[in-house]
Protein chains: 2
Amino acid sequence: MSNTQRFHSVAALLLALLCGAADADPLESWDDGAAKKAIVAFVEKTTDKTSPDFVPLEERIATFDQDGTLWVEQPMYVQVMYCIDRVPALVKARPSLAADEPYKTVMSGGRAAGLKLREYDLIKIMESTLTGMSTDAFRADVAKWIAQAKNSSWKRPFTDLTYAPMQEVLKYLRENGYRTYIVTGGGQDFVRAYSQQTYGIPPEQVVGTAAGTTFGYDKNGKAFLTKEPRLLLNDDNAGKPEGIHLVIGQRPHIAFGNSIGDQQMLEYTTAGGGVRLALLVLHDDARREYAYGPAQGLPDTKVGTLSQALYDEAIKKGWILISMQNDWKRVFGFE
Amino acid sequence: MSNTQRFHSVAALLLALLCGAADADPLESWDDGAAKKAIVAFVEKTTDKTSPDFVPLEERIATFDQDGTLWVEQPMYVQVMYCIDRVPALVKARPSLAADEPYKTVMSGGRAAGLKLREYDLIKIMESTLTGMSTDAFRADVAKWIAQAKNSSWKRPFTDLTYAPMQEVLKYLRENGYRTYIVTGGGQDFVRAYSQQTYGIPPEQVVGTAAGTTFGYDKNGKAFLTKEPRLLLNDDNAGKPEGIHLVIGQRPHIAFGNSIGDQQMLEYTTAGGGVRLALLVLHDDARREYAYGPAQGLPDTKVGTLSQALYDEAIKKGWILISMQNDWKRVFGFE
């Protein structure tokens with residue numbers, strides 16, 4: 001860097017720091033309740049060098065479940081929609097599948113029919129649409145799909161359906177030196193295809209259910225990897241802390257979830273020394289999003305179950321409950 | 001941040017940028033040869049926004065093999081020394097092992113005897129000393145060991161035996177927005193225990209041979225993970241690109257290795273689009289470090305073999321050969 005460049009860098013930083021939204025509220029979509037206060041207090045305590053709870057920069061790890069915590073998970077996980085939508089391309093490449101179930105049902109009834117399939121059939125579709133191609137081709141295909149696909153209930157792109165208050169938390173934590181990770185039961189390769197543009201989270205900060213790959217060479221002798229149907233990590237329930245250890249290798253200081261699949265991640269986080277914070281998003285807002293549970297007597301659904309037992313554990317252990325209805329001034333960026 | 005704090009931050013940055021070692025050579029331990037020129041040209045091209053080879057910040061990934069690339073790997077990999085040194089503690093905890101081989105040999109002959117064991121016996125020792133404990137206990141034990149253990153040939157702490165020119169490259173790349181990763185055939189958990197203080201590389205930027213863990217609760221109900229003898233990733237040869245995909249999820253733009261275990265990582269790196277750089281460290285300096293190969297007719301050793309075939313591939317593909325003898329003004333920081 002020349003001295004002139006250096007001068008310009010300093011000038012730019014000076015402008016950003018002094019004239020930028022100096023005292024704007026980084027969590028402006030949050031009501032000034034207990035949840036917001038807990039998040040702000042956590043950040044202030046762990047980033048103040050004079051605090052006994054100070055956390056060195058290299059240990060500032062924050063983890064977030066995705067489905068139901070960062071974006072809408074109803075009526076079904078986004079990845080399942082992708083797999084169903086991909087069936088026509090799969091059948092085109094392997095025409096013999098057209099006569100076989102469950103492909104036949106999806107070919108005639110589309111996504112709506114696919115969503116009614118039994119779990120066994122969905123798994124069959126997922127395995128065949130998520131493996132066998134190169135990692136590069138898969139990522140490009142997911143990126144292309146997510147750029148135009150819509151949630152059928154909301155008639156909006158899936159990427160519009162992230163929660164504005166959670167996007168603020170991601171940004172706020174990053175501005176305070178935290179590396180923000182997604183730790184999802186969904187496919188690691190799937191989420192990595194859109195995490196940067198959707199959440200500002202690079203591929204290496206996504207931990208998810210992961211299958212093995214096989215190294216090989218294409219016809220021009222170029223090295224590439226093929227996605228295989230060989231499970232390495234089932235990143236849900238106890239698999240979440242195991243995945244955190246495998247990919248991150250450090251215990252998070254703060255973790256966010258919304259369902260029983262996040263229980264062990266929150267337990268693992270809070271079992272570390274010093275200040276640790278666990279938070280659960282409650283879907284208790286039937287007007288603006290959904291109300292499902294079944295904690296608090298809300299209906300159970302196919303996805304994102306928050307059991308009464310986990311709810312009780314959260315209360316007992318002082319985890320922070322985030323009520324969509326009461327803690328969020330707005331749910332989505334488009335509101 | 002208050003405006004006063006902000007002013008102090010800006011003042012500190014200004015001082016650092018303007019008065020710091022402004023035009024100091026970031027690669028001062030390197031001779032001004034082809035290797036250094038290639039590294040500098042790569043960084044300048046990929047970080048200049050006006051260059052057709054510009055790489056966005058979020059894609060700047062650099063990977064480094066450890067043993068023989070970042071530090072000395074003779075007379076044996078450091079991790080193997082750890083496992084042998086740990087035998088007495090293991091036998092103390094499980095006294096019945098004292099009468100069994102290979103433990104008996106190590107108990108009477110120490111590290112020197114351990115290093116003469118057959119590979120089969122070493123693997124037995126590694127499995128028993130690297131699994132069965134909590135991930136926290138293991139990390140603490142490695143950190144304690146590495147703080148005092150020495151390389152018997154060099155009579156120095158292992159952490160003194162990192163290559164000064166490579167430490168400079170790590171720092172130089174980081175200062176230019178690259179995330180520097182270790183991608184090692186060694187144990188991921190092992191290297192993560194000392195990577196931060198030894199290389200400035202945090203645990204999550206170490207990819208290595210990884211075994212599974214199991215989630216559980218201790219007697220106080222606290223969540224923890226136990227290290228299991230269940231291999232998830234053999235991070236050597238083809239396992240290196242597979243490990244890079246698993247943990248990083250992006251193809252590196254620059255990669256450094258020194259042996260046949262690094263071949264596929266270098267091939268995978270250079271098969272990406274745009275400017276990519278692959279580099280091989282040659283151990284051709286018998287005076288200051290070692291000379292082994294067997295490329296260039298140097299003797300083969302137990303570890304870190306650079307085959308003639310890989311050497312030829314490097315020449316053919318225009319990879320950069322780093323000659324310790326000719327490219328490095330000094331090898332170690334203590335010189």
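What are the residue pairs meeting all of these: first residue in region A:201-224, first residue more than 16 Å from residue B:269 (Cβ to Cβ), second residue of a type in the set (Phe, Trp, Tyr) and open to solvent by less than 10 Å² (accessible area, probe 1.4 Å), Cβ atoms under 8 Å, and 6 or more apart or on different chains?
Matching pairs, first to second residue: A:201/A:181; A:205/A:181; A:206/A:181; A:207/A:181; A:208/A:190.
Examine region A:188-203 for a residue that is at positive phi, open to solvent by 20 Å² or more (accessible area, probe 1.4 Å) and either part of a loop (DSSP other than H, G, I, E, B) or touching a Lys or Arg at 6+ places or on another chain (Cβ under 8 Å) (or both), and state whether such a residue exists.
Of region A:188-203, the ones at positive phi are A:200.
Next, from what is left, pick out any that are open to solvent by 20 Å² or more (accessible area, probe 1.4 Å): A:200.
Next, only the ones that are either part of a loop (DSSP other than H, G, I, E, B) or touching a Lys or Arg at 6+ places or on another chain (Cβ under 8 Å) (or both) stay: A:200.
Yes, region A:188-203 contains at least one residue that is at positive phi, open to solvent by 20 Å² or more (accessible area, probe 1.4 Å) and either part of a loop (DSSP other than H, G, I, E, B) or touching a Lys or Arg at 6+ places or on another chain (Cβ under 8 Å) (or both).
Being under 20 Å from residue A:278 (Cα atoms) and more than 9 Å from chain B (Cβ to nearest Cβ) is the filter; apply it to region A:177-187 and report the residue that is surrounded by the fewest Cβ atoms within 10 Å (Cβ to Cβ).
By that ranking, first place goes to A:177.
Is region A:51-62 home to any residue that is modelled with pLDDT of 95 or more and closer than 22 Å to residue A:328 by Cβ?
So far as region A:51-62 goes, yes, one or more of its residues are modelled with pLDDT of 95 or more and closer than 22 Å to residue A:328 by Cβ.
I'd like to check something: does region B:102-119 contain any residue that is among the polar types (S, T, N, Q) and over 23 Å from the mean Cα position of the chain (by Cα)?
yes
Tell me, yes or no, whether region B:19-26 has at least one residue that is outside any loop (DSSP other than H, G, I, E, B), at pLDDT below 95 and either open to solvent by 60 Å² or more (accessible area, probe 1.4 Å) or more than 30 Å from residue B:248 (Cα to Cα) (or both).
yes
With respect to residue B:190, determine if the residue is under 25 Å from residue A:270 (Cα atoms), of a type outside the set (D, E, K, R) and facing chain A (nearest Cβ under 8 Å). Quick ask: steps written out before the conclusion?
Working: under 25 Å from residue A:270 (Cα atoms): yes; of a type outside the set (D, E, K, R): yes; facing chain A (nearest Cβ under 8 Å): no.
Spelling it out, it is not the case that residue B:190 is under 25 Å from residue A:270 (Cα atoms), of a type outside the set (D, E, K, R) and facing chain A (nearest Cβ under 8 Å).
Hey, among A:74, A:79, A:66, which residue is within 30 Å of residue A:126 (Cα to Cα), touching a Ser or Thr at 6+ places or on another chain (Cβ under 6 Å) and of a type in the set (S, T, N, Q)?
A:66
Could you check region A:27-79 and list, in sequence order, the residues that are under 24 Å from residue A:143 (Cβ atoms) and part of a loop (DSSP other than H, G, I, E, B)?
Selection gives A:65, A:66, A:68, A:69, A:70, A:72, A:73, A:74, A:75, A:76, A:77.
Would you point out which residue out of A:326, A:234, A:258 is within 23 Å of residue A:189 (Cα to Cα) and more than 14 Å from chain B (Cβ to nearest Cβ)?
Going through A:326, A:234, A:258 in turn, just one is within 23 Å of residue A:189 (Cα to Cα) and more than 14 Å from chain B (Cβ to nearest Cβ): A:258.
If you go through region B:211-225 one residue at a time, do you hit one that is more than 9 Å from chain A (Cβ to nearest Cβ) and buried (at least 22 other Cβ atoms within 10 Å of the Cβ)?
no
Given the criteria surrounded by 13 or more Cβ atoms within 10 Å (Cβ to Cβ) and either closer than 30 Å to residue B:145 by Cβ or in contact with a Lys or Arg (Cβ under 8 Å, 6 or more places away or on another chain) (or both), does residue B:40 qualify?
Here the answer is no, as residue B:40 does not meet what is asked.
The values are calculated or read from the model by the stated rules, or taken from the named source; none is laboratory data. For clarity, every value in this text was computed on a predicted model and none was experimentally measured. As a convention, Cβ positions derive from the backbone with ideal geometry for all residues, glycine included, and neighbour counts pool all protein chains shown. We work out accessible area using only protein heavy atoms, side chains counted, and drop any ligands, DNA or RNA first. Shrake-Rupley method; radii C 1.70, N 1.55, O 1.52, S 1.80 Å.
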